[in-house]
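**Q** Handing you this structure, nothing more for now.
The values are calculated or read from the model by the stated rules, or taken from the named source; none is laboratory data. Here the structure is a predicted model, which is why all the values come from computation and not from measurement. Methodologically, a virtual Cβ is constructed for each residue, glycine included, from the backbone with ideal geometry; neighbour enumeration extends over all protein chains shown. Quick note on the areas: whole protein, heavy atoms, side chains included, nothing else; ligands and nucleic acids left out. Shrake-Rupley method; radii C 1.70, N 1.55, O 1.52, S 1.80 Å.
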Amino acid sequence: MEDESDSLEIRELIQNLMNQETLFDIADSIEKLFSKIESTNKEKWKENQKAQVEESAVNLWNWTVAKKTAPGITDMQRVKLRHVACNLMMICEVSDPKEEIIRRQILMLMKTGKGWVDVGKPALANKFLDIALHDLEKLYDQLNKDCSSEAEANMHKADIQKDIFKVLSYQAESAVALADFQKAVTCVQRCKDILIRLPKEVCYLSLLCYNFGIETYEFKRYEQSSFWLSLSYEIGKMHKNSSISKEMLAKVLRLLATVYLEWDYKQYQEKALQVIIMANEDNLHPAGFYLKIKILLRSDALDEDIRKAVTELLQHEVSLEICLDTAKLLLEHEREAIGFDFLKSASQLFERSPDAGRVLLFRIELLLQRMKEPLARGMIEDAIAAHSIGKQLPPEILSRLHLVLWDRAAKNYESKSYAEALQWYNYSLSFYASGQTDQQNLAKLYRNMAACYLHLKEPGKANEAVKKAEISDPSSIFTHFYVYKIAVLEKNTIKAWDAFVAMEKSAAEFTEGKPLMEGSMATNLLSLAAQFALENDQQVMAIKALGYLSQHLQDCQQALTAVKCLIRLILLKVTSEEETIKDMETLLSYLTAAHRRLDELHKEEKELLEIRASEAQWFRKIAWNLAVRCEGCLKVMRDFFIISFKFSQFCPLDKAVLLAQRTCLLMAAAVDLDISRSNLLPADEQAELLTQALEYIQSCRAIWKVLKQTGDFPKDPTDTILQLYEFEASAKLNSPAVSSLLDEVLALPQVEIKTLETIASLAMESPAHYPSVCKRALRMILTLLKKRESIDTIAYSKCLHSLVHLSLPSGPIEADLCVLEEAWAYFEDALTVLDNTVLQTSYPEVEIIWLMTRAWNTGIYQYCAGKYKEAEQWCGLGMRFLAYLGTLKNSYENQMIGVYGEVLEKLDKAKRLHYQEE
């Protein structure tokens, strides 16, 4: 059944709780038990279960009381256990309980209600406190019925009223916490009525009202606070023999006066003044006099009244803090004369006290704040005079005085009153005795003085001050900075550089080898060093300083700004070509460092991406311009093109950027191919360059593919250039793809003869050797030339020349018949062109002679080899070219006819011999 299972579960939970050992298990059991008691249906519990549950409730209560001082169990957990036990007891309540049971239940209800109030849950407390009050009234009625005399009834009544007083005070606490002012007032008023029979509780109730006044004051509920504080004072004064002291009552009145002052001082200033006068009559306390002065000042009282109040204050033993606060108060309310007179009197009061220095310092500060500088100077000079004869200020006061003097000097420095600033720094210097241990601050003082001297155009005095700073703090980065500044002004580059190196070392010590943080002291100083060098036309020092910053600054934008300045400075100082190459290499290193910085930026942040794109645009263009200027050093030129390409990868890929990327890679590949053509280059370096060029070509082709999708490029030679560059690199790397690359060229929509000529040349350029590929290209050239309306005979002759050269060996022939037939066809092509009277005249005569000679020599080689038939054919072929020679025909004709006759004679003999053998 549900009700039986609930009661059983609760009893088991209680038992388990009391058996737990670890704090975690106890806390878990408490939460389970608290949740269960809130959700259980108490009305269905049977009478036979209540006895067992009551026993468990009592055991739980006693266990909680025993654990009151146990560590680890919180006040909240204890009140939850009381809550459970109290609820169980109420479930088990019988219709006519005994007095003992009622008293036990009232105690549990009061403790539980008070517990909830103390842990800040007043809403949960009200239920228990209301029941407790009801049970107390019921108990009172029951006891009255059983009384045999009036004296016995009065005794019971007094006993019950003590508990009623407690419950009402608890209810008042709960009401105040819940901001239920009327209920709180009703409860406290009932408590006040009971005080006639409980005079010992006067002090408690007065303090309770005082606490209510503090709580409502903190929440700025001034009307309620004034009520509670007034009631606290009234209750405290009810019984002359009460234990509440006059000091406490004066404290209540001082707070009440403060409430009136802050509530509405115009309306309640009279009340506030009356109250504080009463407080001072009850107890002479400096706080009371201070508050009285404050009230008078707020109410715009006459100077005479305020002087009288101040005099009253000085007639009593007051602390230095009260005096200083009073002086501040007087000056804040523009009672300057009274304030400074008061301070003068206070100085006399504390003249022989250890606090005399504090008063002096306070007066100096106030004089400076009130623009009474001459008076402040007089007091400072008196203090210096006293210091010089041994009347020294305490170390703490002296340190604060130095800060005041330095602050005054700094303000003058900022307003460019450097001479005034020096005076204040000299005041500070006067307080430094010989052998002063605070060497770092002394060095700082000398550096500040040096800064003033520099602005006053007194470098000699500045130098002296810096030398003294070096003695006091030789390792300081600030000291090195001023040494550096003076050296720059003196145009002493060596000294300036040594000082800057010292600054670098100090910066490394400050940052412990980490990058320089934006806004850090080391960063600012090194930046100022670079700026100072620039302002004073010391470019070499500026470059060194900016170089260091560009490497060590953590902030990317600051580092990039340093790099930009470096680039501009170096470009300005370039003079000779030798210096140009060296400086270009330096610029390349700066650009590489800038690229590394941009690459380190977080890619997921949109704002940083925009910054990176903007910076990359600037560096991309600079790198391109520098590449164009590097004609004397191809490797550096290539590297500039590549770094420009890398920067462009950080930019939005619009058409302009894609075109720039394409051109950078084309130029880089071109430079690598150009370098690789050197005969002095080792084979491995040449191969590396060619391989790298191929990588650039492939990347460029991918970009070009994207770029072509953005528009039409009908006359752009990029495809052709890429094919030529890839062909050259592949051919020189002995790649098997060379033949297929020619096929790709031939597949282009419009193949130019010049392109094929270049391929033919590259196919045979060392270390490449691809005669078959070369001949294919040359034959294609012939085909294209023939397709033209008028043949370019010069190009045609050159092409045939190359084909014949490739087809025929230059020495004795060991080729097969196919090779000779191929070569023969080229000669026939030439003769076909020469047979055309229009073309014949433009055919170069030197080419005709060369063809005739090659054919003739081929016949002679055949003749020497005993191949008379072949000799006759080739010699005859050569003689056919005689007809197309002009004035040179006679020079060759007679000699060739004679030799040709010998060839024919040999051929006849060979034929006759052949017939005889048959």
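**Q** For a protection proxy built on the mean count of beta-carbon atoms within 10 angstrom, sort 460-467, 532-539 highest first, please.
**A** Ranked from most to least packed, the peptides come out as 460-467, 532-539.
**Q** Separate question: With θ set to phi - 60° and the Karplus curve 6.51 cos²θ - 1.76 cosθ + 1.60, what are the ³J(HN,Hα) couplings of the stretch 197-204 in order, to the nearest whole Hz, using x for Gly and Pro?
**A** 9, 10, x, 5, 8, 4, 4, 4
**Q** Any chance you could list P(r) for the chain, counting all Cα-Cα pairs in 10 angstrom bins from zero, rounded to whole %?
**A** The percentages, shortest bin first, are 2, 8, 9, 9, 8, 9, 10, 9, 9, 7, 5, 4, 4, 3, 2, 1, 0, 0, 0.
**Q** Right, something else. What does the helix-only formula give at 222 nm for the chain: each DSSP H stretch with n ≥ 4 adding -39500 (n - 2.57), the total divided by the residues, and the result rounded to the nearest 500 deg cm²/dmol?
**A** -26000 deg cm²/dmol, from helical runs alone.
**Q** Take the cross-link list Lys127/Lys192; Lys36/Lys166; Lys308/Lys411; Lys391/Lys411; Lys271/Lys328; Lys468/Lys495 and give me the ones stretching past 27 Å between alpha-carbons.
**A** Beyond 27 Å: Lys36/Lys166; Lys308/Lys411; Lys391/Lys411.
**Q** Could you give the distance between the Cα centres of the stretch 720-740 and the stretch 478-494, to the whole Å?
**A** The distance from the Cα centre of the stretch 720-740 to that of the stretch 478-494 comes to 60 Å.
**Q** In whole Hz, with x marking every Gly and Pro, tabulate ³J(HN,Hα) for the stretch 396-407 from phi via Karplus 6.51 cos²θ - 1.76 cosθ + 1.60, θ = phi - 60°.
**A** Once θ is set to phi - 60°, the couplings for the stretch 396-407 become 5, 5, 5, 4, 5, 5, 4, 4, 5, 5, 5, 4 Hz.
**Q** Further, regarding this structure: Relative contact order of the chain, please, whole-number percent, based on alpha carbon pairs below 8 angstrom and at least 6 residues apart.
**A** About 3 percent, as a whole number.
**Q** Turning to a different aspect of this structure: For the stretch 731-847, with all protein chains present and a 1.4 Å probe, just round the carbon and sulfur fraction of the accessible area to a whole percent.
**A** The C+S portion of the solvent-accessible surface of the stretch 731-847 is 54 percent.
**Q** Further, regarding this structure: What residue among Pro771, Gln161, Val65 has its Cα farthest toward the positive end of the dipole of the chain, where the charges are +1 on Lys, Arg and -1 on Asp, Glu, each on the Cβ?
**A** Gln161
**Q** What residues have an amide H closer than 5 Å to that of Leu553, excluding those fewer than 5 places away on the same chain, when H is modeled at 1.01 Å from N in the peptide plane?
**A** Leu516
**Q** What Kirkwood hydrodynamic radius do you get for the stretch 437-554 when you take the inverse of the mean 1/r over all pairs of distinct Cα atoms, in Å?
**A** 14.2
**Q** Provide the per residue accessible area, probe 1.4 Å, for the chain, rounded to a whole number of square angstrom.
**A** Ligands and nucleic acids excluded, the result is 52 Å² per residue.
**Q** From zero outward in steps of 10 Å, how is the percent of C-alpha pairs of the stretch 159-240 spread across the bins?
**A** P(r) for the stretch 159-240, in whole percents per bin: 20, 55, 23, 2.
**Q** Choose one of Leu526, Gln554, Ala462: the residue whose Cα lies farthest towards the positive end of the charge dipole of the stretch 437-554 (beta-carbon charges +1 Lys, Arg; -1 Asp, Glu; about the Cα centre).
**A** Selected residue: Ala462.
**Q** Still on this model: Just want the answer: with Cβ charges of +1 for Lys and Arg and -1 for Asp and Glu, which residue in Val628, Ile611, Ile276 is farthest toward the dipole's positive end in the chain?
**A** Ile276
**Q** Quick one: accessible surface of Phe219, probe radius 1.4 Å, all protein chains present, in square angstrom to the nearest 10.
**A** That residue has around 130 Å² of solvent-accessible surface.
**Q** Any chance you could look up the accessible area of Trp497 with a 1.4 Å probe, heavy atoms only, rounded to 10 Å²?
**A** 80
**Q** Moving on to the next point. Applying the Karplus parametrisation 6.51 cos²θ - 1.76 cosθ + 1.60 with θ = phi - 60° to the phi angles of the stretch 251-263, what ³J(HN,Hα) value in whole Hz is obtained for each residue in order, glycine and proline being reported as x?
**A** Result, ordered by residue: 4, 4, 5, 4, 5, 4, 5, 5, 4, 4, 5, 8, 6 Hz.
**Q** Go through 386-399, 176-189 and give me the packing order, highest mean Cβ count within 10 Å leading.
**A** Output ranking for 386-399, 176-189: 176-189, 386-399.
**Q** Next question. Go through 895-904, 271-280, 25-34 and give me the packing order, highest mean Cβ count within 10 Å leading.
**A** Numbers: 895-904: 14.3, 271-280: 21.5, 25-34: 17.1.
Result, highest mean first: 271-280, 25-34, 895-904.
**Q** Evaluate the charge dipole of the chain about its Cα centre and quote only its size in Debye, nearest 20, assuming +1 on the Cβ of each Lys and Arg and -1 on the Cβ of each Asp and Glu.
**A** Taking the Cα centre of the chain as origin, the dipole is about 2040 debye.
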